[in-house]
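Below is one structure, written out as structure tokens; comments come after it.
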Amino acid sequence: MTIQPGVEIDPRPIIEAVRAGMEAIVELGASGEVEFKDDESPVTRADRAAEQAITAILEARYTLPIIAEERFSDGRVPEVGDVFFLVDPLDGTKSYIAGKPDYTVNIAVIERGFPIFGCVGVPETGEVYYGGLGLAPTLERGDETIALAASPAPGPMRALVSRNHLSSTTKDYLDALDISGTIAIGSSLKFCLIAEGRGDLYPRFSRTMQWDTAAGDAILRAAGGLTVTPSGETFVYGRTRQRLEDIYANGFFIAVGDPAILERPGILRST
């Protein structure tokens with residue numbers, strides 16, 4: 001698909017790259033080698049192997065800049081234009097280390113601040129979610145191909161929260177809302193579950209990086225959902241003017257399956 005003059009992107013090799021990252025992780029199995037980066041976040045052999053598998057495919061097919069988590073940590077930060085890739089080769093590394101099944105592999109395409117395509121793979125189950133760039137939001141689960149559509153939420157909401165980074169601010173926010181239940185997930189899978197109709201609300205009032213969220217966010221938007229700032233403004237991606245380690249850090253956000261949720265009392269907050 002041509003998204004700008006001179007920029008054409010076929011999403012299929014992106015899905016192939018996600019599957020290659022998944023395979024690299026599965027081949028390594030549970031790796032006991034854990035290092036810690038400058039920000040004290042963990043990194044494993046699987047993170048690095050998946051990123052190498054992903055970037056090899058993307059670079060063989062496209063000339064777009066790639067902002068990838070482990071390259072970024074190593075100081076490889078290319079300049080980006082209107083269109084670029086965001087890659088998280090293993091989102092939810094803490095879940096991976098702990099033997100939890102909800103870590104993911106993520107690739108997103110960003111155009112002028114918006115996530116226009118996302119693909120999220122779940123190595124433990126083989127599931128692959130994607131949507132955008134002319135491909136309808138879809139879940140591939142084994143031999144099944146399932147159309148994704150976020151659910152209307154006329155009543156109490158099902159909330160998704162971070163397993164490892166649930167802040168007191170997020171807890172207080174949810175305590176003031178009409179919530180029917182809360183599911184803790186350790187990766188971008190939270191966006192995907194809302195896109196699948198299995199959740200309604202994902203508030204995040206703690207630090208994330210753009211590669212953590214962009215792919216799942218793209219899928220959610222393709223499925224009819226929305227991600228906004230806490231005050232209701234459009235949530236965008238791209239380089240900021242902060243210090244180097246923060247130039248691809250996200251602000252806080254609220255993701256919903258049903259955009260009508262944003263009209264409920266207490267959902268949005270003044271800044």
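Here is how the numbers come out for the structure above:
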| item | result |
| --- | --- |
| Within the chain: Cβ-based charge dipole about Cα centre, in debye rounded to nearest 20 (Lys, Arg +1; Asp, Glu -1) | 520 |
| Difference of contour (0.36 nm per residue) and Cα-Cα distance, residue 172 to residue 73 | 32.4 nm |
| Highest average packing first - 47-58, 257-268, Cβ atoms within 10 Å | 47-58, 257-268 |
| Peptides ranked, highest mean first, by Cβ atoms within 10 Å: ranges 75-82, 178-185 | 178-185, 75-82 |
| Inter-label distance, nm, simple model (7 Å from Cα along the C-beta direction), residue 165/residue 270 | 2.9 |
| Carbon/sulfur fraction of accessible area - the chain, other protein chains in place, 1.4 Å, % | 48 |
| Global form of region 2-144, assessed from the alpha-carbon gyration tensor, a/c cut-off 1.5 | oblate |
| Three-way shape label, region 183-271, alpha-carbon gyration tensor, a/c 1.5 | oblate |
| Where labels lie 7 Å past Cα in the beta-carbon direction, separation of residue 82 and residue 183 in nm | 3.7 |
| Probe 1.4 Å, accessible area per residue of the chain, Å² | 44 |
| Dipole axis of the chain (+1 Lys, Arg; -1 Asp, Glu on Cβ), positive-most option in 17, 63, 134 | 134 |
| Total lysine pairs under 20 Å (Cα atoms) in the chain, excluding pairs fewer than 8 apart on one chain | 4 |
| Table column - 3J(HN,Hα) (Hz), region 121-130, Karplus curve with 6.51, -1.76, 1.60, x for Gly and Pro | x, 10, x, 5, 10, x, 5, 9, 9, 7 |
| Relative packing of 118-125, 166-173, which averages over residues the other C-beta atoms within 10 Å, highest first | 118-125, 166-173 |
| Modelled FRET efficiency - R0 22 Å, residue 97 with residue 143, Cβ distances, 0.05 increments | 0.10 |
| Cα shape, region 142-226, gyration tensor, a/c 1.5 rule | oblate |
| FRET efficiency estimate (nearest 0.05) - Cβ-Cβ, residue 249 to residue 198, R0 25 angstrom | 0.35 |
| Read-out Rg/Rh (Cα atoms, Kirkwood Rh), derived from the coordinates shown; its label in [x] 0.98; [y] 1.40; [z] 0.94 | [z] |
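The values are calculated or read from the model by the stated rules, or taken from the named source; none is laboratory data. Note that the coordinates shown come from a computational prediction; the quantities given were computed from them, not determined experimentally. Neighbour counts run over all protein chains shown; Cβ positions are idealised from the backbone, glycine included. Ligands, DNA and RNA are stripped out before the accessible areas are found, and what is left, the full protein with its side chains, is counted by its heavy atoms. Shrake-Rupley method; radii C 1.70, N 1.55, O 1.52, S 1.80 Å.
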